[in-house]
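Structure, as structure tokens:
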Amino acid sequence: MSTDDWNADIIATFRANEGQVGGPFEGAPMVLVHHRGRKSRREFISPMMYMADEQDPNTIYVFASKAGAPTNPDWYYNLVAAGQAEVEVGTEKYPVSVREETGDKREKIFDLQASRYPGFAEYAAKTAGIRTIPVLALRRA
């Protein structure tokens with residue numbers, strides 16, 4: 001199954017079940033991030049896990065892990081270049097601003113996500129010495 005087919009299945013399941021999906025993401029907080037290709041200008045929807053900010057209900061964090069691949073996902077570059085996007089969380093759709101977290105704040109957020117979902121710690125181990133997995137804050141605009 002291609003990545004496009006895989007994503008299409010997740011998107012359809014997400015929308016049919018008010019933001020819930022099954023399989024490897026069952027029970028995980030999922031978001032659909034709408035973004036435009038910085039080169040192609042095509043519109044894309046990328047499903048991904050997120051972590052809600054515990055102090056700010058208007059902010060969620062997404063992680064450009066690409067399952068531990070040596071390169072960042074294309075959506076990361078698209079979001080950083082645009083500085084804005086639109087998200088679907090549950091049955092709600094709204095615009096967000098995009099900010100990359102760095103330094104100690106990035107470490108704290110990523111470590112918390114990795115403690116909740118050990119797959120993220122595995123991704124970080126795969127990318128060690130190659131790249132640091134970016135963390136993006138998506139804040140309701």
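The values are calculated or read from the model by the stated rules, or taken from the named source; none is laboratory data. Everything numeric in this text was worked out from a predicted model, so none of it was measured. In this analysis, Cβ positions are derived from the backbone assuming ideal geometry, glycine residues included, and neighbour counts consider all displayed protein chains. Each accessible area value is taken on the protein alone, full model and side chains, heavy atoms only, with ligands, DNA and RNA left out. Shrake-Rupley method; radii C 1.70, N 1.55, O 1.52, S 1.80 Å.
Check TYR77, TYR50 and return the single one that is modelled with pLDDT of 95 or more, under 23 Å from ALA121 (Cα atoms) and open to solvent by 80 Å² or more (accessible area, probe 1.4 Å).
Working: TYR50 fails: open to solvent by 80 Å² or more (accessible area, probe 1.4 Å).
Only one candidate qualifies: TYR77.
Specify which of the listed residues (GLY19, GLY103, GLY83, GLY68) is closer than 21 Å to ILE133 by Cα and in contact with a strand residue (DSSP E or B) (Cβ under 9 Å, 6 or more places away or on another chain).
After applying the criteria, what remains is GLY83.
Please determine whether any residue of the stretch 21-30 is part of a strand (DSSP E or B) and of a type outside the set (S, T, N, Q). Steps first, please.
Initial filter on the stretch 21-30 (part of a strand (DSSP E or B)): 30.
From what is left, the residues that are of a type outside the set (S, T, N, Q) are 30.
Scanning the stretch 21-30, I find at least one residue that is part of a strand (DSSP E or B) and of a type outside the set (S, T, N, Q), so the answer is yes.
Which members of the stretch 105-120 meet the condition of being farther than 16 Å from PHE25 by Cα and either open to solvent by less than 70 Å² (accessible area, probe 1.4 Å) or at pLDDT below 95 (or both)?
ARG106, ILE109, PHE110, LEU112
Restrict the check to the stretch 92-100 and report whether at least one residue is farther than 18 Å from PRO134 by Cβ, among the hydroxyl-bearing types (Ser, Thr, Tyr) and modelled with pLDDT under 95. Lay out the reasoning, then the answer.
Step one: of the stretch 92-100, the residues farther than 18 Å from PRO134 by Cβ are 92-95.
Cutting the leftovers down to among the hydroxyl-bearing types (Ser, Thr, Tyr) gives us 94.
After this cut, where a residue has to be modelled with pLDDT under 95 as well, the list is none.
No, the conditions are met nowhere in the stretch 92-100.
Answer yes if at least one residue in the stretch 88-101 is buried (at least 16 other Cβ atoms within 10 Å of the Cβ) and of a type in the set (Phe, Trp, Tyr), and no otherwise.
Within the stretch 88-101 (the criterion being buried (at least 16 other Cβ atoms within 10 Å of the Cβ) and of a type in the set (Phe, Trp, Tyr)), the answer is no, since none of the residues qualifies.
Conditions: (1) under 14 Å from the mean Cα position of the chain (by Cα); (2) part of a helix (DSSP H, G or I). LYS105 meets all but one. Number of the miss?
It fails just one condition, (1).
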